[in-house]
């Protein structure tokens, strides 16, 4: 059971459903990626560039956001697992999206990149010992355990897939 002191309160909805479903971090990573891939692999070019409102991200930008965020979270997990006590900075997701060129990218390349990044995440979390998973570090001014980050990667992807399904697709 994961404790609420292992993450900031605003991550609760991403982490707790997965931490309580009886599946491991890696099992959740595999399942969420499979669902993501199956749901998005055949959407039209028009839908890829669709934003449901002015100022909202396109589907391509949402996918790139998930990729970028997972990379940031994995870097944090690696640092914390290795017992690096350096407080890590946050990142501005809107600045990342403004500068990511997602809308000009090939759709299959984006989906392939997500798959490869997720495979790297799975290998990373498979490499951590039980002790390393419990280590806590600071990122964006908030403490977080390595295992919370593992559940967060799946939860973040699932959250955005749900938004895509409800508002975009």
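The table below lists the values:
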| read-out | value |
| --- | --- |
| Rounded, prolate or oblate (a/c below 1.5 giving rounded, otherwise prolate when a/b exceeds b/c) for the chain by Cα gyration tensor | prolate |
| Förster-model FRET efficiency, 30 Å R0, residue 95 and residue 46, C-beta, rounded to 0.05 | 0.65 |
| Crossing angle, helix 25-40 versus the chain [Cα axis fit, 0-90 degrees, rounded to tens] | 0 degrees |
| The range 57-97 versus the range 2-16: alpha-carbon centroid distance in Å | 17 Å |
| Computed over the range 72-169: relative contact order in percent, which uses C-alpha pairs under 8 Å that are six or more apart | 44 percent |
| Residue among 137, 155, 90 with the largest mean-square fluctuation in a Gaussian network model of the chain, springs linking Cα atoms under 10 Å | 90 |
| Ranked list, fewest to most other Cβ atoms within 10 Å of each Cβ, for 32, 4, 138 | 4, 138, 32 |
| Between 0 and 90°, nearest 10: helix 146-163 axis offset from the chain longest Cα axis | 20 degrees |
| Label-point separation in nm, residue 138 to residue 38, each point 7 Å along Cα→Cβ | 4.3 nm |
| Nearest-ten-degree value, helix 107-127 long axis tilted from longest Cα axis of the chain | 10 degrees |
| GNM top mover of 86, 121, 58 - the chain, alpha-carbon springs below 10 Å | 86 |
| Extension gain, residue 129 back to residue 27 (0.36 nm per residue minus Cα-Cα distance, nm) | 35.1 nm |
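A short reminder: the numbers here are calculations on the coordinates, not readings from a lab. What you see is a predicted model; the values in this text were computed from it and never measured. Positions of Cβ are backbone-derived with ideal geometry, glycine not excepted, and every protein chain shown enters the neighbour counts.
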